[in-house]
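Coordinate-derived values only; no laboratory data. Everything quoted here is computed from the prediction, not taken from an experiment. Glycine also receives a Cβ, built like all others from the backbone with ideal geometry; neighbour counts cover every protein chain displayed.
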Amino acid sequence: MYSDLLLEHFRNPRNVGELAAPALTVEAGNPACGDILRLSVRFEDGRAEEARYKVRGCTASIAAGSALTEWIWGKTADELAAFDTSIMERALGGLEAESKHAAVLCADALKLLLKRRSR
C-alpha cells in the first residue's frame, strides 16, 4: 500500500519535462524492473536552480522523480552528494520493500549527474 504523500506525487507530479542546455541531463535505469529516470538540472552560482524529470516506470518511481526534483532545488553539489535513499523514503512518506528501488533509482541519477558535472 502506498502512502498518501507518494500517491499525491504520482497523481500530481511536479517538474515533469526536460531542460535545455546548459542544464545537465542524465538517465539512470534499473535493469531488474526496467524503470528509467531522466533527470535534468540547471545550476547557477553553484546551486541547483531548476530540475525536471521524466520517468518510465512504476507508481513509486514516478512519484520519486517528482519528490526528487523538489528536494534538489537550491542544493549545492556537496548537498546533492550527501543524498541517500532514506531522504527519498521520508519525502514519499515511506516505501514498501518492493518499491525501494525507486529511491535507489534517484540516488543513481544523482550520482550520474554529479559525475557529469565534475567533467
For this session: Mind listing whichever residues of the stretch 53-85 are more than 11 Å from Val41 (Cβ to Cβ), among the small types (Gly, Ala, Ser) and touching a residue at least 12 places away in the same chain (Cβ under 8 Å)?
Result: Gly57, Ala60, Ser61, Ala63, Ala64, Gly65, Ser66, Ala67, Gly74, Ala81
Exercise. List pairs: first in the stretch 1-27 and touching a residue at least 24 places away in the same chain (Cβ under 8 Å), second surrounded by fewer than 15 Cβ atoms within 10 Å (Cβ to Cβ) and not in a loop (DSSP other than H, G, I, E, B), Cβ under 6 Å, 6+ apart or cross-chain?
Worked result: Arg14/Glu70; Leu24/Arg116; Leu24/Arg117; Val26/Arg116
For this session: Inspect all residues belonging to the stretch 94-108 and state whether any of them is touching a residue at least 12 places away in the same chain (Cβ under 8 Å) and touching a Lys or Arg at 6+ places or on another chain (Cβ under 9 Å).
Result: no
Exercise. Taking Ala107, is it within 17 Å of Arg14 (Cα to Cα) and under 12 Å from the mean Cα position of the chain (by Cα)?
Worked result: no
Problem set entry | Boolean, Thr69 is within 27 Å of Arg119 (Cα to Cα), in contact with a Gly (Cβ under 7 Å, 6 or more places away or on another chain) and among the polar types (S, T, N, Q) | no
